[in-house]
Amino acid sequence: MIPVTKPFLPPMAEYNKLLEGIWSRQWLTNMGPLASDLEMKLKEYLDVKHLLFVTNGTVAIQMAIKALQIQGEIITTPFSFVATSSTIVWEGCTPVFVDIDPHSLNIDPSKIEAAITDKTQAILATHVYGNPCDVVAIEAIAKKHNLKVIYDAAHAFGVKVNGRSIFEYGDVSTCSLHATKLYHTTEGGLIITKEPAVLKQLASMRNFGIAGPVAFDGLGINGKNSEFHAAMGLANLNYIEDIIERRSAICQRYDERLKTAKIHKSKWHTQANKTHTYYPVIFESESLLLAVKAELDAHEIFTRRYFYPSLANTLPYVQHVDMPITDDIAKRVLCLPLYYELTMEEVDLISRIILRVQNN
Ligand SMILES: *Cc1c(COP(=O)(O)O)cnc(C)c1O
């Protein structure tokens with residue numbers, strides 16, 4: 001059996017060493033020493049000024065919407081994980097979908113202005129598969145119309161654009177450190193902002209809005225994360241370069257083996273590095289995708305239709321709209337298995353099956 005993904009696990013002895021510290025301190029959660037250490041090391045690794053380690057990537061988006069005091073309409077992408085839309089609705093706002101660019105697969109900035117109304121307060125865009133959005137165009141639109149920008153950067157850990165962390169674009173960026181992501185803390189998330197005032201508010205929000213033993217400075221939630229999750233993050237951080245390198249080699253092997261396949265790839269931002277979070281391929285037709293998927297399934301090789309279907313005509317709690325480009329791409333895109341332990345022989349096998357189906 002070949003799964004679509006498998007979480008990276010550090011050598012157990014290294015994790016256990018950190019657990020011994022937890023046992024001796026008996027400090028399990030609430031901004032403990034490992035969580036603080038992780039925040040410090042991630043700031044350094046990612047080269048960002050401020051960040052907060054939080055419960056998960058979904059709560060991170062909710063906190064961002066809340067801290068920026070956004071109400072009303074939020075322009076967003078239909079081609080993303082469900083949390084990009086559900087958080088908007090959860091916070092009492094209305095998602096307004098704008099179709100994606102067929103090459104980058106990110107929200108198409110040239111279509112954003114037409115969707116702006118007097119109720120629009122923000123843009124929430126996803127860097128799909130870690131490929132940066134057109135951050136310059138989005139910033140210009142946001143400035144012109146006085147909108148906030150939040151990036152769902154769940155896929156973009158370690159991505160830099162124009163030599164700067166992708167996390168430093170927008171008013172707030174969020175990341176997921178879930179077990180299935182490139183770099184993980186089992187469950188976890190990050191909130192990144194350059195704004196000290198927003199950071200201060202988010203830090204308070206993360207801890208119920210508690211300002212002191214008998215004082216509150218605003219509405220909060222439990223957005224904290226534990227020492228156990230921080231320990232996983234610290235242990236994994238020692239391997240991040242190794243993880244990216246290995247994934248890069250696997251992707252290169254797929255590229256070589258699939259040279260003659262009837263597939264194409266999304267176009268990557270020219271000023272950004274790749275961290276190889278996913279290996280998505282876009283087939284000529286949905287019928288070819290389904291035939292390939294069925295044949296891989298028969299060999300117990302599992303792929304994922306990520307992201308299918310479009311959020312804009314699927315979720316029961318949003319107004320359904322057709323987004324022609326998203327609807328088309330979502331039907332034809334498939335993510336192939338990609339994880340640290342995947343072998344070159346397995347990549348070759350997967351590639352052979354894909355070529356065999358297309359040539360039938
Ligand atoms: C994984 C993911 C999330 C949610 O993150 P969690 O940590 O699982 O809550 C949000 N947005 C996108 C694009 C994701 O891939």
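In table form, for the structure just shown:
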item: When residues of the stretch 100-125 are limited to those that are touching a residue at least 60 places away in the same chain (Cβ under 8 Å) and crowded, with 23+ Cβ neighbours inside 10 Å, the one farthest from the chain's Cα centre (by Cα); result: Ile100
item: Hey, Leu124 within 12 Å of the ligand (Cβ to nearest atom) and of a type outside the set (Val, Ile, Thr) or not; result: yes
item: Residues satisfying the stated conditions in the stretch 127-167, i.e. touching a residue at least 12 places away in the same chain (Cβ under 8 Å) and polar (S, T, N, Q); result: Asn131, Asn162, Ser165
item: Qualifying position, being within 30 Å of Thr343 (Cβ to Cβ), in contact with a helix residue (DSSP H, G or I) (Cβ under 8 Å, 6 or more places away or on another chain) and of a type in the set (S, T, N, Q), among Asn238, Asn225; result: Asn238
item: Close pairs from the stretch 45-61: first more than 18 Å from His178 (Cβ to Cβ), partner of a type in the set (S, T, N, Q) and more than 16 Å from the ligand (Cβ to nearest atom), Cβ under 7 Å, at least 6 apart; result: Asp47/Ser165; Val48/Ser165; His50/Thr193
item: Odd one out for Lys331 among (1) closer than 21 Å to Thr260 by Cβ; (2) part of a helix (DSSP H, G or I); result: (1)
item: Total residues in the stretch 64-81, condition within 12 Å of the ligand (Cβ to nearest atom) and out of contact with any strand residue (DSSP E or B) (no Cβ under 6 Å at 6 or more places or on another chain); result: 1
item: Subset of the stretch 206-254 that is of a type in the set (Phe, Trp, Tyr) and part of a helix (DSSP H, G or I) - its residue that is farthest from Leu34 (Cα to Cα); result: Tyr254
item: Selection count, the stretch 173-198, where residues are part of a strand (DSSP E or B) and more than 14 Å from the ligand (Cβ to nearest atom); result: 1
item: Selection within the stretch 132-147 - farther than 22 Å from Lys160 by Cα and not in a helix (DSSP H, G or I); result: Asn146, Leu147
item: Where Gly57 falls short, out of the listed (1) in the same structural domain as Thr120 (by TED's automatic domain parsing); (2) more than 16 Å from the ligand (Cβ to nearest atom); (3) under 30 Å from Ile282 (Cβ atoms); result: (2)
item: Odd one out for Thr84, checked against (1) over 30 Å from Leu219 (Cα atoms); (2) within 12 Å of the ligand (Cβ to nearest atom); (3) among the hydroxyl-bearing types (Ser, Thr, Tyr); result: (1)
item: Per-region count, the stretch 294-320, residues surrounded by 19 or more Cβ atoms within 10 Å (Cβ to Cβ) and more than 13 Å from Ser80 (Cα to Cα); result: 4
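The values are calculated or read from the model by the stated rules, or taken from the named source; none is laboratory data. Note that the structure is a prediction, hence the values are computed from the model and not measured. Because the Cβ atoms are built from the backbone with ideal geometry, glycine has one as well, and the counts that use them run over all protein chains shown.
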